[in-house]
Amino acid sequence: MKTTGMDATAARTTATHPPTPHTSARNPRLSDEPLGHRPPDRWGLLRRAARRYGPVLAMYGTLKLIGFSVFMYLLYSAGDYREKHPRFGGGEHPWDVLATWDGWWYQQIAEHGYHPELVQIPGATGLITLKGNSAAFFPLYPALIRLVSEVTGLGLYGAGLLVSVVASIVAALGIYAVTARFGGRRAGLAAAGLWAVWPGSGVEWAVYSDSLYVALAVWACHAVMSRRWLAAGLLTCAAGLNRPTAVALIAALAVAALLALHRHRDRDGVLRPLAAMAVAPLGLISYLGWVGHQMGDYAGYFKLQSGAWAHEFDYGKHTLDVLTSVPAGHSDYLSAWPFADLIGAGVVLLALALLPLLIRLRPPAVLVVYTVLTLVLVLGSQQIFGNVSRYLLPVFPLFLPLALALRRLSAIHQFTLLGIAALASGSYAGYALFELGVP
């Protein structure tokens, strides 16, 4: 059979250059597997994650370690902890202080569980009429302490500290992620550094629930901003099992969801924002309801806080009393701790100064509502005022104005400035809180 000229040419080409297999000698990395079935490049993912988040971890971890070391040195050099009760700021070693006060209660819950009750102090009059009870402390953090202790074999102290440290790192990553959406990587890095040195940051690496709450709150806000409504609802629900001030986060999520529905901007339609709104308050409501049921009084939690800790919402009367007394050098107000209260007053003024700067940036509603309501709940309550620096630790959106200003600096200058703050934080955020006040 005759062949045409084109057929003959093709035959010669085939004979001279046989077809190459999928894996050729020139490029042995090519695979016979279709592109869609290639295994994921896990090392590549890790390298990209390290490039993105490594500087954040280095910034936060280094600054926090500096402040923590100064805190431990001040404790050791003063030595006051040796003369205090192990439950109230004392211990054999400086680091034992990290598990006192609230930390003692969390360890008791992790070991023995809850026994909710309202027990009158015989003959007591005035503010404190009830015996302190573990039901005043929310369950998520002690539950994680117990879980980590069982899994790792660590004692309750070590497990609680591990949970707090890991949660503080997760919070730092979340603060970076939220801030970077506004001002880029350099602003996010500065915000993570501010989290390490902020007043009240001494409890971030202690047996306290604050780091866990901030980690849940910041990632819940990030999920709302990313329109991942179910994740936001679940994180907010978990936050409600950790601290009562989660009511601010619940309200912020609800406002953001309603705005998304009103503006018809949510790509998931109606169901997911509504589901997030329904799930968000379940943690808080469930715990308060359980405590009330166990006490036989559904207002039992609030009665316990008021009668055993003199902690109640008074519309800012106590805060105003302190803010008008401290500048005048007076200390005749409730639970006066002069040095810690002076720091607390400075933190309140700083927060009030940063709030309009935050609003001027026009951030998403979830951040504004969360910040404003947290400030209202904290400043509107009667409490040990020296704790205000700790109670305002969750208002991470206030970092935004400062972080956007700090992004103008180089990484070296940022670290130098924040490093000086870290050295000082060992005193104002750690020692003042644990040794010169009642955290």
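Of the conditions (1) in contact with a Gly (Cβ under 6 Å, 6 or more places away or on another chain); (2) in a helix (DSSP H, G or I), G437 fails just one. Which one is it?
It is condition (2) that G437 fails.
What number goes with the only condition from (1) closer than 24 Å to S427 by Cα; (2) free of Cβ contacts under 8 Å to residues at least 60 places away in the same chain that E150 does not pass?
Among (1) closer than 24 Å to S427 by Cα; (2) free of Cβ contacts under 8 Å to residues at least 60 places away in the same chain, E150 violates only (1).
Could you run through segment 80-121 and say how many residues are open to solvent by 40 Å² or more (accessible area, probe 1.4 Å), under 22 Å from A310 (Cα atoms) and either hydroxyl-bearing (S, T, Y) or part of a helix (DSSP H, G or I) (or both)?
Total satisfying the criteria: 3.
Can you tell me which residue is nearest to I285 (Cα to Cα) among those in segment 214-237 that are more than 12 Å from the chain's Cα centre (by Cα) and among the aliphatic types (A, V, I, L, M)?
Per the stated criteria, the residue is L234.
Kindly provide the set of residues from segment 235-246 that are part of a helix (DSSP H, G or I) and not polar (S, T, N, Q), ordered by number.
L235, C237, A238, A239, G240, A246
Can you confirm whether segment 303-312 contains a residue that is closer than 30 Å to G437 by Cα and among the polar types (S, T, N, Q)?
yes
I'm trying to understand the selection: among the residues of segment 292-338, which are within 17 Å of N133 (Cβ to Cβ) and touching a Gly at 6+ places or on another chain (Cβ under 6 Å)?
Listed by number, the residues that qualify are G292, Y298, G300, A308.
For segment 158-174, name all the residues that are touching a residue at least 12 places away in the same chain (Cβ under 8 Å), in contact with a Ser or Thr (Cβ under 9 Å, 6 or more places away or on another chain) and open to solvent by 20 Å² or more (accessible area, probe 1.4 Å).
Listed by number, the residues that qualify are L162, V165, I169, V170.
Does F415 count as aromatic (F, W, Y) and open to solvent by less than 10 Å² (accessible area, probe 1.4 Å)?
In short, no.
Kindly indicate whether L409 is buried (at least 21 other Cβ atoms within 10 Å of the Cβ) and aliphatic (A, V, I, L, M).
The answer is no for L409.
Would you be able to say whether some residue in segment 281-294 is in a loop (DSSP other than H, G, I, E, B) and either open to solvent by less than 50 Å² (accessible area, probe 1.4 Å) or out of contact with any His (no Cβ under 9 Å at 6 or more places or on another chain) (or both)?
yes
Among residues belonging to segment 122-132 that are surrounded by 13 or more Cβ atoms within 10 Å (Cβ to Cβ) and among the β-branched types (V, I, T), point out the one that is nearest to Q382 (Cα to Cα).
Looking at residues that are surrounded by 13 or more Cβ atoms within 10 Å (Cβ to Cβ) and among the β-branched types (V, I, T), I get I128.
Within segment 313-340, restricting attention to residues that are touching a Ser or Thr at 6+ places or on another chain (Cβ under 8 Å) and of a type in the set (D, E), which residue is most open to solvent (accessible area, probe 1.4 Å)?
Checking each candidate, the answer is D332.
Being within 16 Å of L436 (Cβ to Cβ) and among the acidic types (D, E) is the filter here, so list the residues in segment 64-95 that pass it.
Matches in segment 64-95: D80, E83.
Look through segment 426-439, keep the residues that are under 11 Å from V70 (Cβ atoms) and out of contact with any Pro (no Cβ under 8 Å at 6 or more places or on another chain), and return whichever of them is surrounded by the fewest Cβ atoms within 10 Å (Cβ to Cβ).
S427
Looking only at residues in segment 133-157 that are aliphatic (A, V, I, L, M) and open to solvent by 60 Å² or more (accessible area, probe 1.4 Å), which one is farthest from D210 (Cα to Cα)?
V151
Run down L352, L367, L402, L358 and say which single residue is of a type outside the set (S, T, Y), touching a residue at least 40 places away in the same chain (Cβ under 8 Å) and open to solvent by 20 Å² or more (accessible area, probe 1.4 Å).
Unique residue meeting the criteria: L402.
Only one of L65, L46 is open to solvent by 90 Å² or more (accessible area, probe 1.4 Å), farther than 30 Å from W309 by Cα and either touching a helix residue (DSSP H, G or I) at 6+ places or on another chain (Cβ under 6 Å) or modelled with pLDDT of 95 or more (or both). Can you tell me which?
Exactly one residue qualifies, and that residue is L65.
The values are calculated or read from the model by the stated rules, or taken from the named source; none is laboratory data. In this text the structure is predicted, and so the values were computed from the model without any measurement. Cβ atoms come from the backbone with ideal geometry, glycine included; neighbour counts cover every protein chain shown. Heads up: the accessible areas ignore ligands, DNA and RNA and are worked out on the full protein's heavy atoms, side chains in. Shrake-Rupley method; radii C 1.70, N 1.55, O 1.52, S 1.80 Å.
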